[in-house]
Amino acid sequence: MLLDNMEKKLRPPELHMTPYPAKLITLTSGEKMVVREAERKETGILLQTILPLLGAPKDFYDVVAARMYSEILGWYRYRVANMFVLVGAIEGEIAGIVTSRMASPEIGISLHTLTIKRGLRVGAQLFAAKMEHHLDYLKQKEVYIVAESPIGFKRWMIEYDLESREDRYPEVQHELGGVPTYSLTRDLYEKVKDKKVTGIRPVPEEIVAASRPLRVPTEYSQVPNSREEKTA
Amino acid sequence: MRKVAVVGIGHTRFGNLSDYNLVDVMAMASLDAMEDAGITEERTLIDQLFVANMGGGIINHQTGIASALVSRIAMEPTPAELIENGPASGASAVKLGYMAVKSGMADLVMVTGGELMRAVTGWKGTDFVATLLHPDVEYRYGLTLPAFGGMFTRLYMERYGLTERDLALVAVKDHANGAKNPFAHVQNECTMEGIYDGPNAEVVNNYVAEPLRLYSMCPVSDGAASLLLCATDSPLYERFKKRAGIVISGIGSATDTHCVHNRKDPLDLEAVRISAERAYQNACLTASDISFAELHDAFVILEIAISEEIGLFRKGEAKNAIAEGATKVTGSMPINTSGGLKAKGHPVGATGVSQVYELVKQLRQEAEEGRQVADPVHGIAVNFGGFGNNVVTTICSKEFA
């Protein structure tokens, strides 16, 4: 691909990023969720999936959806450095999306976790997968994390017993800004890993194939009457 | 003695209703019950309102809820009182409504129970429920109801050979029912592979209060339910013929020691047994007459233990019945056809009223497809307060059974 000089200047430098190997999680419903890295060519379906949640204020879905939309668009257009997107899909239907990036070889920045299919701990599993990628595959030392909703605060700060970096503000602050920064250090991760991170590898080829192409969710519990509206 | 019929039933969806306030939620269920009974425009015919709520003063910073509800649904000058009896508040309100009608003091009574627990964090919600424990010898040491549930389960396992797999079977059955109940908080089915047998079950169904896991516990819910009770010998009863035909045939309650450690045997749920005996006696029935049951499974172990204590199964044998499918909707003794507290949810003040709502719905044969019991005649509900220290049992029957 030929890039003009200006475009080269606008694109951030990229660090080497080890690929995240796909895994398979059997949810409490018995459904099989493939967790894998999304590809840039899947941006359209990811954005289409996020879009309806921009108008869902409950549980701060609107904030998370809006910021994730811009993150993925920025990733697609090469405006965010060292970013990765993981997607959870059940037979190809998107159940959740997480975004994250490397700030440096040592420090990861957890961006957002968007649960679409609720009630099955999809978000918890995708967040755990994101931490697994940062600490086990990208071999980083710690991940900076913030929460923008009470659910996020409970799931990450409390359940992972994250270390607060508030005392080092403003020298240490998460790039999403505004809220206190917490950190998942390698030590903390090793303590909770067995209870939080799960999944089977390698994923059988036919199941990986079933997760491609991705499909927009058939229903959003966050959006009233979404199923009816879709079929009307 | 006059009979007490249930002539109207109302229910909100259980779950996260944080867009509304507590009295709004109670009003929704109350108006639903009035509509069901066909007296929305004649609501001042109601002689008395009993309101069940446990935590309005603590978690919603609101007291005087009965008066507020009367005004919210334009029922002045109807008398109204609030009943707080821990997680058994709902059935206690039903009992007082029953007593008011039975005694002749009232002909038509509304009973509404509601709770808005998600107004606070899960920890604050758990702490609020724990205020029913002894302040000096239980609460002070960090005990919570899930902790009691865990300890009770462990002891039960040791004595009767119950396994975590048995607990998971209860959850699967309850979620299958809840998935078909439009009012249930959790309408997702779960499978044995997902919560117990599968390779990821340890993580996706994590321990909360060992040996109780996530799928062994009820969710924290908002919601309300409402009933209209009418004397069958009242001239008013004629108005309700369309929705009549179901009576409260028996009701009983009992208490036990405030502290569990003061009981001779912590596995002996004496208040459950005695309240059921009183209800059976009141109804002139025995456990063998019961067609189905709604039991207070805040922790799935309680569905098992209560079902034995009220005589549906012998001690230690409920697990066999569950494994054989006897407690499914299609089984010989369907339990928690609503999804139970496990899947339907547990807004504490609403639960006892909601259980009776389910008895009536089943007896009317109006339950949704897939969760209707075949030809039920008598249904029993057990609402369990504290850790078994205040229990109310209600039996509803077809009027001419």
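No value in this document is a laboratory result; all are computed from the given coordinates. These numbers come from a predicted model, not from an experiment. All Cβ positions, even for glycine, are placed from backbone atoms using ideal geometry, and neighbour counts span all protein chains on display.
Quick notes on this structure:
- Distant-in-sequence amide contacts of B:G8, defined by a placed amide H-H separation under 5 Å and a gap of 5 or more residues or a different chain, comprise B:L228.
- Computed E for B:C259/A:R11 - FRET, C-beta separation, R0 45 angstrom, nearest 0.05: 0.10
- Under a 5 Å amide H cut-off, with hydrogens placed 1.01 Å from N, B:E294 pairs with B:N336, B:I380, B:A381, B:V382 among residues at least 5 apart or on other chains.
- Distance in nm between pseudo-label sites at B:E202 and B:E369 (7 Å out along the Cβ direction from Cα): 4.2 nm
- Compactness relative to 2.2 N^0.38 Å, alpha carbon Rg of segment A:95-190: 1.01
- Residue pairs, from the table A:K41/A:K193; A:K32/A:K130; B:K95/B:K242, whose Cα atoms sit over 30 Å apart: A:K41/A:K193
- Look at the dipole of segment B:335-401 built from charges on Cβ: of B:F384, B:V373, B:F400, the Cα furthest out on the positive end belongs to B:F384.
- Theoretical FRET efficiency, 1/(1+(r/R0)^6), r = Cβ-Cβ of A:T218 and A:S164, R0 45 Å, to 0.05: 0.65
- Highest-MSF residue in chain B out of B:C190, B:C259, B:C284 [GNM, Cα springs under 10 Å]: B:C284
- Hull-based mean projected area of chain A, where the convex hull spans the alpha carbons, in square nanometres: 14.0 nm²
- Listed cross-link partners A:K195/B:K342; A:K117/A:K191; A:K8/A:K139 are compared with a 25 Å cut-off, the Cα-Cα value being larger for A:K117/A:K191; A:K8/A:K139.
- Placing pseudo-labels 7 Å out from each Cα toward the beta carbon at A:E205 and A:L54 gives an inter-label distance of 4.1 nm.
- Computed from the alpha carbon atoms alone, the convex hull of segment B:183-310 holds 184 Å³ per residue.
- For the protein assembly as shown, the spread of Cα positions along each principal axis, largest first, Å: 94, 55, 49
- Pairs of alpha carbons in segment B:244-334 whose separation is greater than 24 Å (percent): 23 percent
- DSSP assigns beta bridges within segment A:14-210; of those with both partners inside it, close to 90 percent run antiparallel.
- Relative contact order computed over segment B:242-349 (Cα-Cα under 8 Å; 6+ residues apart), in percent: 23 percent
- Choice from B:A350, B:A201, B:A100 showing the highest fluctuation, given a GNM over chain B with Cα pairs closer than 10 Å: B:A201
- Assigned charges on the beta-carbon of Lys, Arg, Asp, Glu; segment A:14-210 dipole about Cα centre (debye): 200 debye
- For A:I107, the amide hydrogen comes within under 5 Å of the amide hydrogens of A:K141, counting only partners 5 or more places away or on other chains and with H modelled in the peptide plane.
- Summarising the label geometry, the points placed 7 Å from Cα in the beta-carbon direction at B:D136 and B:D268 lie 2.6 nm from one another.
- Projected-area average for chain B over all orientations - Cα convex hull basis, square nanometres: 17.7 nm²
- Its relative contact order, with pairs defined as Cα atoms under 8 Å and 6+ residues apart, puts chain A at 22 percent.
- Within a Gaussian network of chain B (alpha carbon springs, distance under 10 Å), most fluctuating of B:P266, B:P135, B:P334: B:P135
- Mean separation of Cα contacts under 8 Å, 6 or more apart, over the residue count of segment B:87-144: relative contact order %: 22 percent
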